[in-house]
Each structure stands twice: as structure tokens, then as C-alpha cells.
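**Student:** Please see the structure below; I have some questions.
Bear in mind that the values in this text are calculations on the coordinates, not laboratory data. Please read these numbers as outputs of a predicted model, since none were measured by experiment. No Cβ is skipped: glycine too gets one built from the backbone with ideal geometry, and neighbour counts run over all protein chains shown.
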Amino acid sequence: MNPPRKRLIVGITGATGAIFGVRLLQALQAAAVESHLVISKWGLQTLEHETSYTGQQVRNLAAVCHEQGNMGASVSSGSFLTEGMVIAPCSVRTLAAIAHGTGDHLVHRAADVILKERRRLVLLVRETPLSEVHIENMLKLARMGVTIMPPMPAFYNHPQSLDDMVDHIVARMLDQFGIEADFAKRWNGEMHRESAARCKTNPTKEDRS
């Protein structure tokens, strides 16, 4: 028998950075992972404001789509087995709703289920600067085992485009679930050795002194 197909819930909420959720869905589709998508009302508006994608085009990337008001959806029950959930991007309102168990739509409920079932929850929290309220909510969830992953860009891999920077973050999300992401350029120490070699060949003023 073939092993069961992996399932992952993807939430997109109304913070800037909708492209992270879109690219994640594309990567899950390429990896043959069964994605279950929930987009909040403001997530949809932000998506269509920030990107060239329509809501329907993004829904078409998912294996299954659920309306935010459908509290009877499969992902609202712990008996529906999944690897976990990613909310990308995660607004600070969604962060607070999850931290305090006061959710009012399916993104919040699905995350609450992941928490109670002790499955992996990854939140791409998008806000800057952060207030004490935001930090306290992140700390509260981190102590419950939630992965707080603000989408910080990396520069050691010398990104050549915005797509490169988005792909790096998406790969790090997939790493949390053991899903292969062969499109990412990873740190392997070679870049450090190359940099050290260049320093020896072309010493800086401080090195010469």
C-alpha cells in the first residue's frame, strides 16, 4: 500500500505578505502535499491588492478550499488528521485570537484545533515595529510549542530577486514539516570558506594592520 498523502492546512490572513501564502501553495502542489486552504475576508482583499493573483486563482492552487465562515469544515475537527498548519501571512489580530482562544472564523478555529491536538503550527507574523502586546502573544504561543517565524530575509545566499527572498522563507516553512524544498539555496559552509579565502587574498586595512 502507498503511504498516506501528507495534508497541510494553509491560512492566509489580512497582513501584508500574501505572496508567502501563494508561493507556499505552489510548493505544496509541486510536492504532492494535500493542501487545505482558508483565506480570511481581509486576507483576500490584501491578496488582490498586493499581487496579480485573483482569489480564485489562489484557490485553484489548493487541493481543498474552505470558506472562512464554514465552522463545520473538515479542518475544524481534531479527528481530521493533518501534519499541521501554516498561517502565511499571520496578522497580529489572528495572532491574538489564537493566543487567547477567541477566534471568530475558520482560520482561528483550525489553528485552535492544531493547538489542542499538539500538532505543528507555524505563524508568519507580519508586523513592525512590535508592541509589547504582540511580543507577549508570540511568547505565549511559543511556550505552547508554536513556531513563530516572521519572514526575515536572508542575504548570505545572495538573493537576486524578490522571488529568491520569498522562496527562502517558504523553504524554511516547509522544513518545519519535513517537506522537501529543493528550490532553496542553503548554507553549507562553502560561502564562508570562499569569503575567508577572499579576505586572505585581498586583506582589508584592518587585516594589514
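**Student:** List the relative contact order of the chain as a percent without decimals, with contacts defined as Cα pairs under 8 Å and 6+ residues apart.
**Tutor:** Values: 326 pairs, mean separation 41.1, N = 209.
Dividing the mean separation by the residue count of the chain yields 20 percent.
**Student:** Quick one: what Rg and Dmax do you get for the chain from the alpha carbons, in Å?
**Tutor:** 19.1, 70
**Student:** Distance between Cα centroids, region 92-134 to region 4-57: provide it in whole Å.
**Tutor:** 16 Å
**Student:** Can I ask one more? Reachable aspartates and glutamates from Lys6, Cα under 15 Å, same-chain residues fewer than 8 places away excluded?
**Tutor:** Within reach: Glu34, Glu83, Asp175, Glu180.
**Student:** Using a simple spin-label model with points 7 Å from Cα along the Cα→Cβ vector, what separation in nm is obtained for Ser76 and Arg59?
**Tutor:** Going from the Ser76 label point to the Arg59 one covers 1.7 nm.
**Student:** Counting other C-beta atoms within 10 Å, and keeping those with at most 12, which DSSP coil trypsin sites (Lys or Arg not before Pro) do you find in region 95-136?
**Tutor:** Numbers: sites: Arg109, Lys116, Arg118, Arg119, Arg120, Arg126; in loops: Arg118, Arg119, Arg126.
Passing both the DSSP loop test and the Cβ count: Arg118.
**Student:** Next question. With r defined as the distance between the Cβ atoms of Arg118 and Asp175 and R0 fixed at 25 Å, what FRET efficiency is calculated, to the nearest 0.05?
**Tutor:** Between Arg118 and Asp175 the formula returns 0.80.
**Student:** Turning to a different aspect of this structure: Using the Cα centre as the reference, give the magnitude of the dipole from point charges on the C-beta atoms of the chain (Lys, Arg: +1; Asp, Glu: -1; all else neutral), rounded to the nearest 20 debye. Intermediate values should be presented prior to the final figure.
**Tutor:** Working: 23 positive and 21 negative charges, 82 e Å.
In debye, rounded to 20, the chain gives about 400.
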